[in-house]
Amino acid sequence: MRDQAEALRIKLLEQQGQLGKAVAIVSGKGGVGKSNFCMNFALQLAQQQKKVVIIDMDIGMGNIHILIGESASYNLGDYLKGERSLEEVVFSAPYGMDYIAGGSGMSSVLEWTDSMFERLILAFDELLKRYDYLLFDMGAGATTWSLDLLMSIDDIIVITTAEPTAITDAYSMMKYIHLKDDAKQYYLICNRVLAKQEGEETTSRLKLAMQRFLEKDIRVLGTMPEDLVVRQAVREQVPFSVSSPNAAVTKALRLIVLRFLEEPQIEVAQQPTTFLRKLRNIFSKGRD
Ligand SMILES: Nc1ncnc2c1ncn2[C@@H]1O[C@H](COP(=O)(O)OP(=O)(O)O)[C@@H](O)[C@H]1O
Ligand SMILES: [Mg+2]
């Protein structure tokens, strides 16, 4: 029954040309709250009737599965090597989101076999049909292949804090990506702010710098406060938006989600093909 419904859904989506959208969550500096944001953002999107899968590219601390107190048996690497099916690596996490653990120790795509590369394209093609959003939690200790992957994703959510080092690192990160591809769309969030004004100053400084020095317009999604419930949620291994639906940080997140969904979505119909095309281009460079 479920399979039939799913098959129908895919057919309908294909007919309407409405495939999912790939979104990367990045930061310059580590520990700014990417994984916690990514997971709770996914859950809030799910509450807005969106189907979301998180692809965890962070192979260091704070993996998504640890944040929800689950263990991931298999990862994307197992699928790419042909040892597991896509179904086996997509984990249906509690609270209404799906999740794929990133392959640890994955090297540069130039060292991949052709079949790994083909399987990657196949997987993303399939996921774009099944989900509205593919959220890539990029992790600070970015492996070479996750940077390659990042270049094929057009929508990038940048998380910073109001600390000067985080701000300059966020700018450097956007500049680095922009110089390789100037057509990307950046969405900016300032997390862990002690006062709203502090966050707004941070986001407008970054927006201004991007405009002035790179002539690039970025979109500010908002700020999220420093809130004790986040640390508590991490300790209890329950997403903060689930354990504390009325906390200040959850309210701020909900506003961010609404703002994100309000963004002009004109290119959505073309975007998945852009994603797959870019993926092919980037990943096949130097391979043949
Ligand atoms: N809004 C917040 N308020 C309070 N603490 C936060 C907030 N966001 C993140 N944190 C803290 O920062 C830590 C790192 O968050 P995490 O999402 O793992 O960051 P990243 O993925 O960027 O490395 C969390 O364990 C939590 O203690
Ligand atoms: Mg993380």
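Tabulated results
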{"quantity": "GluC sites (Glu not before Pro) within segment 125-233: DSSP coil, no more than 14 neighbouring Cβ in 10 Å", "calculated": "E215"}
{"quantity": "Local electrostatic count, G82, Cβ distance below 11 Å [Lys/Arg +1, Asp/Glu -1]", "calculated": "0"}
{"quantity": "Cut-off 11 Å between beta-carbons: net charge of the residues surrounding P245, Lys and Arg +1, Asp and Glu -1", "calculated": "+2"}
{"quantity": "Interchain or long-range residues, amide H under 5 Å from A22's placed H", "calculated": "L134"}
{"quantity": "Directionally averaged projected area (convex hull, Cα atoms, the chain), nm²", "calculated": "14.8"}
{"quantity": "Counted charge near V229, where neighbours are those whose Cβ lies closer than 13 Å (Asp, Glu -1; Lys, Arg +1)", "calculated": "+1"}
{"quantity": "Exposure rule at most 13 other beta-carbon atoms within 10 Å, DSSP loop trypsin sites (Lys or Arg not before Pro): the chain longest free segment", "calculated": "1-284"}
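Values quoted throughout were computed directly from the atomic coordinates according to the rules given, and no laboratory measurement underlies them. These numbers were taken from a predicted model, which means no experiment stands behind them. Don't worry about glycine lacking a Cβ; one is built from the backbone with ideal geometry, like all the others, and counts go over all protein chains shown.
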